[in-house]
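First up is the structure itself, then whatever we jot down about it.
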Ligand SMILES: [Zn+2]
């Protein structure tokens with residue numbers, strides 16, 4: 001069990017690239033390290049298990 005110390009921010013590993021991501025409000029894409037990783041993960045999920053005909057707001061192209 002590896003709990004972070006109370007004086008350091010909680011961190012998670014990006015599900016895409018395993019980079020450490022501080023769990024803070026300014027980490028917009030947590031648990032991902034970046035928008036790129038977030039989109040990659042959502043894209044993989046959508047492609048494998050869920051064909052989407054429309055474009056939900058969270059998957060709008062940039
Ligand atoms: Zn990442």
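The values are calculated or read from the model by the stated rules, or taken from the named source; none is laboratory data. What you are looking at is a predicted structure, and each value in this text was computed from that prediction instead of being measured. Every residue, glycine among them, receives a Cβ derived from its backbone with ideal geometry; neighbour counts consider all protein chains shown.
Do we find a residue being closer than 30 Å to residue 8 by Cα and modelled with pLDDT of 65 or more anywhere in the range 41-57?
Yes: the range 41-57 contains one or more residues that are closer than 30 Å to residue 8 by Cα and modelled with pLDDT of 65 or more.
Is there any pair with a first residue in the range 1-27 that is more than 30 Å from residue 43 (Cα to Cα) and a second that is modelled with pLDDT under 95 whose Cβ atoms are under 6 Å apart and which are 6 or more apart or on different chains, and what are they?
Correct list of pairs: 4/10.
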